[in-house]
Amino acid sequence: MTRPETTWSDANKRYLMAHLDLVRAALVRHANEPGPTVKAPPSNLPGLDDKPAALQHVVELFGLSPFERDLLLLCAGIELEAEFGPLCAAAQGDAQRAFPTFSLALAALDGAHWSALSPGSALRYWNLIDVEPGSSLTRANLTIDERILHYLVGINHLDKSLAPLLQAVSADGPLVESHRVLADNMMATWGQIEPGQRPTLFQLSGPEPHGKRAIAAAACRRFGLTPYLLPAACLPTQAAELARLRRLWQREAALSNAALILDCDDLDAGDQHRLSGIGPFVDESYDPIVLLTTQRLNRWQRPTISFEVDKPTSSEQRRLWFAALGANAETVREDIDRIVSQFHLAAPTITAAVQDAAGWIEPSATVEGVPRELLAPALWSVCRHQARPRLDDLAERIETTATWEDLVLPDQQKNLLREMSCHVRHRGLVYERWGFQTKGNRGLGISALFAGASGTGKTMAAEVLANELQLDLYRIDLSSVVSKYIGETEKNLRQVFDAAEGGGAILLFDEADALFGKRSEVKDSHDRHANVEVSYLLQRMESFRGLAILTTNLKEALDQAFLRRLRFIVNFPFPNEGERAKIWQRVYPVETPTESLDWLKAARLNIAGGNIRNIALGAAFLAADAGQPITMGHLAEATRREYTKLDLTLTAKEIKDW
């Protein structure tokens, strides 16, 4: 498994030049020109310290015969020694042929064999030399591959064809304990591989990309391997190109003592061409490979060990916060507990959050010496914003301004909403310190159903909760998430939950009946998969660290088995006349000019709160256009337009005395 290290000393160069002298002497003899007698160099020269020279390393790695080695040196000599070109021309009896050919090698070098240049030979399979196209095999010009030439003279860098695809993975600091254990297990497993045996393939699965990369890089470096990251999306889809890339990587891994981290996180599940290419790429490689996947993939023929990787545990996150905050940590200890219970962040994100929090307070500032009343809200705000870039592409963020005073509901419903807020605030205390999560993770997610007619305040109630908890609210239209293509619905939902998990956002799923309708008899694969989609959403809601809310206008259309798995069900009743009067009283901001508005008369309109807000806003624009304060006349005109839109009949009784 382990490969010898390469040393770029003067002894290494002397070893190369001594072997070049042998090839030069062979050319001189074949050209019938006088030259000195050259002895074969010793296998080890002073200064190599029992480590192979670069040339010796190449010979051993790729199993070159003495003739193949000398043919490679013949091509290298053209690049390294000015006299090799004229010697090649003289040896071939043609002043124009200053490049080596296979014909020349067969005639001039000892131990010649035809198989040295066959398509399956080491020289061509590993692309150590290039054969000029368009000529016969024996008369075509031969050139050494640039990567191999640089390696022989002591310059070790990535192949130019691989450099645009690969990214060196640096260590981002020490691993948290749960991640360190995984890295140690990987290193121990690789250490048990016998020489010549193909190393175990590791698959790190889960939604946390930073942790997976850090674990893979740490395991590689501890085993003496240099890790390189390759996005799976960069893999070619053509079989010939994929095979060439695989050979180039295997060659690079051998020369650089490297390991490949193949990142499949961003691979589109519908990209079957690229997915089908990953299997052969992985299975036919004989080098250490670590796969990073969001979900576990089972398409490998080589021995594979899979680990599920999560973000650091709550206790590990606390330690990361304390380490990042330094002396200021004690002043915000309680705030850290609140942050950890709400936001599930990776180690690099926590470090960045502390640095960003100082900038929120004052540009170019540091957290040292910042008072708690400034530092605590800054840390919370930074954590709240960190998930926005991912979620903003997946859902609609709702700006929340509504408060409990704006929400007109019966006491029973308000008390349920306040209880939901209590569950979110004290989740860390109850689950972790009081030990409830040790009894199992199922059912620890806080999920709710808001049921009621359109305009009865379901979305406003979610806004009130988000505003009180100081969390972002994102609305997801379930009717647009559900896909007819098998697997796409789960993929869409997974992206939403994974993005929201770290940022503590509240998720509001509209039109739950689009997915949670009563289950019918399973007649085909589509019916069976529809039930899988529902089960997946419920499972994610039950394990989601934040608050997930489903809304529906048709509670009776939902399967009772699904309803039993939700922690809260809040029914939003149609407002009675007294409640409508309260809504009217609160609908206009204090800055709005009004004149002689009678909320009791307006409350006679048998409409929901959403329609009341539409009428109030319409009346405001009518009054603004007339240059007047809002009057009952403006309300009457706006009401007629709202009723027409709703296809309702406005009776004289409802607007009499207006």
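The values are calculated or read from the model by the stated rules, or taken from the named source; none is laboratory data. Predicted model, so just to flag it, every value in this text is computed and none were measured. Ideal geometry is used to build each Cβ from the backbone, glycine not excepted, and the neighbour counts take in all protein chains shown.
Among the numbered criteria (1) in a loop (DSSP other than H, G, I, E, B); (2) within 27 Å of Asn156 (Cα to Cα), which single criterion is violated by Thr237?
(2)
Can you find a residue that is in contact with a Pro (Cβ under 8 Å, 6 or more places away or on another chain) and on the phi < 0 side of the Ramachandran plot anywhere in the range 277-285?
For the range 277-285, residues in contact with a Pro (Cβ under 8 Å, 6 or more places away or on another chain) and on the phi < 0 side of the Ramachandran plot: present.
Which members of the range 134-154 meet the condition of being among the aliphatic types (A, V, I, L, M) and free of Cβ contacts under 8 Å to residues at least 40 places away in the same chain?
Passing the criteria: Leu137, Ala140.
For the range 605-658, enumerate the residues that are on the phi > 0 side of the Ramachandran plot and of a type in the set (D, E, K, R).
Asp647, Asp657
State the number of residues belonging to the range 531-562 that are within 25 Å of Thr438 (Cα to Cα) and among the polar types (S, T, N, Q).
Number of matching residues: 3.
Can you tell which of Leu123, Leu64 is buried (at least 24 other Cβ atoms within 10 Å of the Cβ), of a type in the set (A, V, I, L, M, F, W, C) and within 19 Å of Leu255 (Cβ to Cβ)?
One residue alone meets the criteria, Leu123.
Which residue out of Gly279, Gly270, Gly211 is at pLDDT below 90 and out of contact with any Lys or Arg (no Cβ under 6 Å at 6 or more places or on another chain)?
From the options Gly279, Gly270, Gly211, the qualifying one is Gly270.
Does Leu566 fit the bill of being outside any helix (DSSP H, G or I), modelled with pLDDT of 90 or more and either surrounded by 20 or more Cβ atoms within 10 Å (Cβ to Cβ) or of a type outside the set (Phe, Trp, Tyr) (or both)?
In short, no.
For Val370, work out the one condition from (1) assigned by TED's automatic domain parsing to the domain that holds Ala448; (2) among the hydrophobic types (A, V, I, L, M, F, W, C); (3) more than 30 Å from the chain's Cα centre (by Cα) it doesn't fulfil.
Single failed check for Val370: (1).
Of the residues that make up the range 255-266, is at least one within 25 Å of Ser121 (Cα to Cα) and part of a helix (DSSP H, G or I)?
Looking for residues that are within 25 Å of Ser121 (Cα to Cα) and part of a helix (DSSP H, G or I), one finds at least one in the range 255-266, hence yes.
Could we say that Leu292 is touching a residue at least 40 places away in the same chain (Cβ under 8 Å), closer than 23 Å to Phe497 by Cβ and assigned to a loop (DSSP other than H, G, I, E, B) here?
Taking the combined requirement at face value, the residue does not satisfy it.
Can you confirm whether Leu158 is touching a residue at least 60 places away in the same chain (Cβ under 8 Å) and either under 24 Å from Glu241 (Cα atoms) or touching a Gly at 6+ places or on another chain (Cβ under 8 Å) (or both)?
It is true that Leu158 is touching a residue at least 60 places away in the same chain (Cβ under 8 Å) and either under 24 Å from Glu241 (Cα atoms) or touching a Gly at 6+ places or on another chain (Cβ under 8 Å) (or both).
How many residues are part of a helix (DSSP H, G or I) and of a type in the set (Gly, Ala, Ser) when one looks only at the range 86-121?
9
Among the residues of the range 460-477, write down those that are touching a Ser or Thr at 6+ places or on another chain (Cβ under 9 Å) and closer than 21 Å to Asp392 by Cβ.
Those that are touching a Ser or Thr at 6+ places or on another chain (Cβ under 9 Å) and closer than 21 Å to Asp392 by Cβ: Ala462, Glu463, Leu465, Ala466, Asn467, Leu469, Gln470, Leu471, Asp472, Leu473, Arg475.
When the range 310-341 is examined, which residues are found to be buried (at least 22 other Cβ atoms within 10 Å of the Cβ) and within 22 Å of Ala499 (Cβ to Cβ)?
Lys311, Pro312, Gln317, Leu320, Trp321, Ile339, Val340, Ser341
When the range 387-400 is examined, which residues are found to be among the polar types (S, T, N, Q) and modelled with pLDDT under 90?
Scanning the range 387-400 gives no hits.
Scan the range 149-188 for residues that are more than 21 Å from the chain's Cα centre (by Cα) and over 30 Å from Leu72 (Cβ atoms) and jot them down.
Hits for the range 149-188 are Glu177, Val181, Asp184, Asn185, Met186, Met187, Ala188.
Out of Ser454, Ser480, which single residue is closer than 25 Å to Glu556 by Cβ and assigned to a loop (DSSP other than H, G, I, E, B)?
Ser454
Taking the condition surrounded by 12 or more Cβ atoms within 10 Å (Cβ to Cβ), closer than 23 Å to Gly457 by Cβ and not assigned by TED's automatic domain parsing to the domain that holds Gly455, does Ala620 pass?
yes
Considering only the range 92-120, how many residues are among the aromatic types (Phe, Trp, Tyr) and crowded, with 18+ Cβ neighbours inside 10 Å?
Number satisfying all stated conditions: 2.
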